[in-house]
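Quick note: the coordinates plus some simple rules give every number you see, no bench work behind them. Note that the coordinates shown come from a computational prediction; the quantities given were computed from them, not determined experimentally. So basically every Cβ, Gly included, is an ideal-geometry build from the backbone, and we count neighbours across all protein chains shown.
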Amino acid sequence: MSLSRYEKCESKIMKDKAYIKQDCYCDSLNDQYLKENSIPKGFCGICEICKKPGHTQHFPGAVPYTGAWCNECLQIVAKNHKIRSVIFMALFLLVISLIIGGVIWGVIEVIKNTF
Ligand SMILES: [Zn+2]
Ligand SMILES: [Zn+2]
């Protein structure tokens, strides 16, 4: 079954390509734009971090921001964002529990004063 193995390999390559070129502007940029911005063919942006050729795409996270990153920096940016959102979430939960704790404390005080 060499054919199915070949097909599997093909679909994996397709998937990898789809991952690297997720929602980027490669298909919509013309050669003149690439030349003016000194972007090599096959790329659609210059990485904001390391200035290597990369792809202009949406931020890899829940932020409405579009920028250009190379594939390496994209992964770093995505990872940092994940860590940051975990810290943000922890702070958020802390604040929520403080508010809830305060409300409970207030209720207890009111009950104490009533009786
Ligand atoms: Zn691109
Ligand atoms: Zn980069």
Looking at (1) closer than 16 Å to D23 by Cα; (2) under 10 Å from the mean Cα position of the chain (by Cα), which is the only condition I76 fails?
(1)
Total residues in segment 63-115, condition among the β-branched types (V, I, T), within 30 Å of P53 (Cβ to Cβ) and without any contact (Cβ under 8 Å) to a residue 24 or more places away in the chain
3
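Rundown of residues vs (1) over 19 Å from the mean Cα position of the chain (by Cα); (2) more than 16 Å from ligand 2 (Cβ to nearest atom); (3) surrounded by 10 or more Cβ atoms within 10 Å (Cβ to Cβ), yes/no style:
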| residue | (1), (2), (3) |
| --- | --- |
| C24 | no, no, yes |
| G42 | yes, no, yes |
| G54 | no, no, yes |
| P60 | no, no, yes |
| R84 | no, yes, yes |
| L93 | yes, yes, yes |
| I108 | yes, yes, yes |
